[in-house]
Structure formats: C-alpha cells, structure tokens
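The values are calculated or read from the model by the stated rules, or taken from the named source; none is laboratory data. As the structure is a prediction and not an experimental result, all values here were calculated from the model. Positions of Cβ are backbone-derived with ideal geometry, glycine not excepted, and every protein chain shown enters the neighbour counts. These accessible areas exclude ligands, DNA and RNA; they are computed on the full protein's heavy atoms, side chains included. Shrake-Rupley method; radii C 1.70, N 1.55, O 1.52, S 1.80 Å.
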Amino acid sequence: MITKLGQKFTDGFTKYMPSAYVFALLLTLFTGILAITITDSQPIVILEGWYNGFWNLLSFGMQIVLIIITAYCIAQSSPVKKGIDHIAKWIKTPVQVYVIIIALGALLSLVSFGMVVITAILGRELALRIKGIHYPFLVACVYFSFNGWVCGLSSSIALLLNTENNFLIENGILNDTISTSYSLGSTLNLAMIILFVVISPILIWALIPKSFAGKELKDLQSSLDDEEGSVKDEAMSYKLPFKALSDALNNAGWLQITVALLGLIYIIYHFTTKGFDLNFNIMIFIFQIVGMLLHITPMRYSIAMKRASSNISGILFQYPFYAGIMGIMMASGLGEKISDLLVSIATPESYAFISYLTGGVINFAIPSAGGEFAVIGPSIINMVQDIGANLPSSEVTAMTARASMSVAYGESLSNLLQPFFLLIVFPVMGKGIKIQARDVVGYLFIPFIVLFVIQALMVTYIPM
C-alpha cells in the first residue's frame, strides 16, 4: 500500500513539477508579487532589491562552490575509487544498494554536504553492475541521503554562529560566537544523526518500488560507453613524447606534497590553538589539502578540479536567482514579516517548532541555510532573547543554538521537495540520460511527511 501511494505521488510530481531553473523563475515572480501585495514597498524598491541580491551573496556562493568541487575532487582520487570498487563487490541485490546508499550517504554527509558526490558516484557504479535497480528511485535515495548534512561538520548555520565577526555579531544581534558544542554537540543533534543513519534506511526500504521495468540505467541511457578514463590516465596523456622540464614539473609529486604538508601543518595548528573551531573557510581548506595529498601530482589535481568544476554549472547560474529572491525579501521586508508572523505566536514550549517550521517554509524561496538565516536569523534570535529575558545567559545561548539548528533541520528537510540541490547529484547520476527533478522528487514526498512529524516532535521535546 505504501509503495502504491508513493508511486501515485511520483506520477503527480512527474506531471506537474517543472525543472529546477523554471522553479526558480516561478519563485522569483511569486515572491515579487507577494512583496507588492503584503508590504508597503514600491515596485522599483523591490526590483532594486532583486538586482542587488544577485551580487550580495557572491562570496557565500563561492564558498558553496568550493566545498562542492573540493569534495568532488576527493571523490575522483584513486584511493576513493578503489574503496568504491571494494564496497561494490560486497553488494549483490537492489535492496542492499538502496539501504547502503542511504546509510553510507548519511554518514558521508556528516563530513560535508558536498560528499553527496561520492554517494552519487557509488550509486551510479552499483547501478551499472547490479541488475534490477530502479534508477530514478536510486537517484532519490542518493539525494535523500544527504539530508542529514545539517547535523555534521559543514552545517552552515552552526559554523556561522561559531565564526568570528559574523553578520549577527557585526549587527549587534549576538554579543559573541556560539560554540559548536551547543549546536553540533547537543543531545538533539546527536538524536538527529541517529534518525538519518538508522531510521531513514528503514523508511526507504518500505518504499522500494515493486517494479523496475524500463527504469534500469541501461534502459535510460542511449549508451553505456561514455565513461571518463581515470584522472591518472588523462594526466599521462598530456606528457610529451620526449623528456621535458615542463612535464617533470607538471607531474612533480614532491612539489604538491610539500605544499600540502605546509597546509596540513596549519590545519593542526588551527585546531591546536582554537579547539574544535569549524567554519566554512577551514572546511574548504581541509578538503583542498586532502585532495592534493590524494592526487599527488599537480597535473592530476588540476584534471580532477577541472572535472569537478563541471559539476556546478547549474548552481553558478541559478544561485544568483535565489540570491535575488533573498534580495526581494530583504529589501521589501517580506522575509521579516513572514518570520515575525511566526515568531509572534512563539512560546517557551513552541519556539523550537516555530523555528523549525519557519526554516522549512522560507527554504522554498531561499534554498541555502546560510542565505536563509541571513533573512530570518535576526528575528529567530530576537525571539529567543525575548523569551529568555529572565534566564541565565548560558541557557539563553543554548536556546539560541537550539532554535538556530531547528531552522537548519527545517531547511534541510524541505530540500526534499525543493529541487535546487539536485543540481549537485544530476551531473554524476544523470550523465548520458535525460532526467529532471520531476522524475525524482515524487519518491521523496512520503519520507518528507514522515520525517516532518518525527523532527517536529524531536525539536520540541528532546532536552537540550
């Protein structure tokens, strides 16, 4: 019954859901009309806000891009590929594929949401080797598996709160940074990790389609003979037929390893002097240094980065539109009005759920935890400070972290229905086939409903 219900939702999404880019264009128009309707802003102010928004998040957008391509670069290294080959030998059935992809993807996402690329590579390789895999459902599994990234080391809101001189401190909303021990190390967050790693695979197992006829990768691809050679082989192909200093330098492992070791020394110094201090910049730096060590030579690393960069074309041209939507919401005050409306009904018992709901709703217009928090974060934090006015500062800090992480959980969950981050998965899993968001998102509707209920109870009742 559950499988049939899931198929009905899938058929509905296939019929009515447009591509991710069209979704962004429709949201732009909808947000603009909503801003004109329920705020006092003049149309030209809204239009200016939209234009200015295109450029206001360029640095943040570059951080997102760098996290993705550095993680993708790691995924292309020989050690990681050998690990994928080893894992594939032990997996024999489609059910094992779906469940392992969810569990492994959830674990990898705790390192970085960009690591979903590794899950996508593994999923594609398994689909090529194992018969009976429903490929669109497998793509949905890969996308679903990274839902728990907000609980891990690249959780943008948690890292933002712990980043010195962040915009909340600069604007006087917070007095100081909030340690990740209050957010990532909280009882609530540890429980969320268990939900994603243990419960989610069981949920997906209950939704596996009964039929895979016409849905295997071989059925969807026009040709299976389009795989790229290894990074190492391509690097060798650039060598001249005679000895040359340029080739010696391009393939000088000692050169890249020396620079990478300097980076490793700084990473050790960073955590030795600053403790468990994680932010976007140090995470990107770690991924870059690890990629350099795994690929060994400058030529191999350059090739891997070139391939990785082709993975983010959709983000590069679509992210500014979502940043523009954020600009509309900020310039018109629409985002503040929506968050204030929800915050106005918050109580000490419901503030976390209100934060969770707010994060999920706003994410449809701003599918970026950091970008979204720039819009609603001040209202959420002011709400907590008002509620905790007579409480000890340490308790208010814990409440602030709880509300902020609740926003992150809501934002991440609604990504199941918001197709923006499918742009990370499609370049790997959609190679050689025609696949769109509408072919995938329908399989995620029931998981969305189930997790919404569970997470709503968790953020409300699990102790800090």
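Within the accessible area of region 156-270, what % is carbon and sulfur when the probe is 1.4 Å and the other protein chains stay in place?
Details: 4180 of 6800 Å².
Carbon with sulfur: 61 percent of the solvent-accessible area.
Taken per residue, the accessible surface of region 35-174 reaches 38 Å², heavy atoms only and a 1.4 Å probe. The separation of region 374-429 from region 18-32, counted between C-alpha centres, amounts to 23 Å.
Entry note, the chain: relative contact order of 29 percent, from Cα contacts under 8 Å with a spacing of 6+ residues. Sorting 67-76, 209-218, 363-372 by their mean Cβ neighbour count within 10 Å, with the most densely packed peptide first, gives 67-76, 363-372, 209-218.
Per-atom-type breakdown for region 303-393 gives carbon and sulfur 64% of the accessible area (1.4 Å probe, protein chains only). Surface analysis of region 192-302 yields an accessible area of 59 Å² per residue, using protein heavy atoms and a 1.4 Å probe. Phi angles across region 84-93 convert, under the Karplus curve 6.51 cos²θ - 1.76 cosθ + 1.60 with θ = phi - 60°, into 3J(HN,Hα) values of 4, 4, 5, 4, 4, 5, 9, 9, 10, 10 Hz, Gly and Pro given as x. Averaging the Cα positions of each part gives two centres, and for region 69-111 and region 302-353 these lie 29 Å apart. Exceedance of the 28 Å cut-off in Cα-Cα distance is limited, within the set Lys81/Lys218; Lys92/Lys306; Lys232/Lys431, to Lys92/Lys306.
Rounding to the nearest 20 debye, state how big the charge dipole of region 257-406 is about its Cα centre with +1 on each Lys and Arg Cβ and -1 on each Asp and Glu Cβ.
Numbers: 6 positive and 7 negative charges, 160 e Å.
It comes to approximately 760 debye.
Remark: region 151-157, residue by residue, has Karplus-estimated 3J(HN,Hα) of 8, x, 6, 10, 4, 5, 5 Hz, where x stands for each Gly or Pro and the curve is 6.51 cos²θ - 1.76 cosθ + 1.60 at θ = phi - 60°. A simple charge model with +1 on the Cβ of Lys and Arg, -1 on the Cβ of Asp and Glu and nothing else charged puts the dipole of region 332-408 at about 100 debye relative to its Cα centre.
Measuring nothing but how far apart in sequence close Cα pairs (under 8 Å, 6+ apart) lie, relative to its length, region 358-464 scores a relative contact order of 34 percent.
How large, in percent, is the carbon and sulfur part of the accessible surface of region 54-147 at a probe radius of 1.4 Å? Working shown, then result.
Values: 2200 of 3190 Å².
After summing per-atom areas, the C and S share lands at 69 percent.
Applied to region 375-384, the Karplus parametrisation 6.51 cos²θ - 1.76 cosθ + 1.60 on θ = phi - 60° returns per-residue 3J(HN,Hα) values of 8, 9, x, x, 5, 5, 5, 4, 4, 5 Hz, with x for Gly and Pro.
Accessible surface computed residue by residue for region 376-433, with neighbouring protein chains in place and a 1.4 Å probe, gives 25 Å² per residue. For the chain, the 222 nm mean residue ellipticity estimated from helices alone, with every DSSP H stretch of n ≥ 4 adding -39500 (n - 2.57) and the total spread over all residues, rounds to -22000 deg cm²/dmol.
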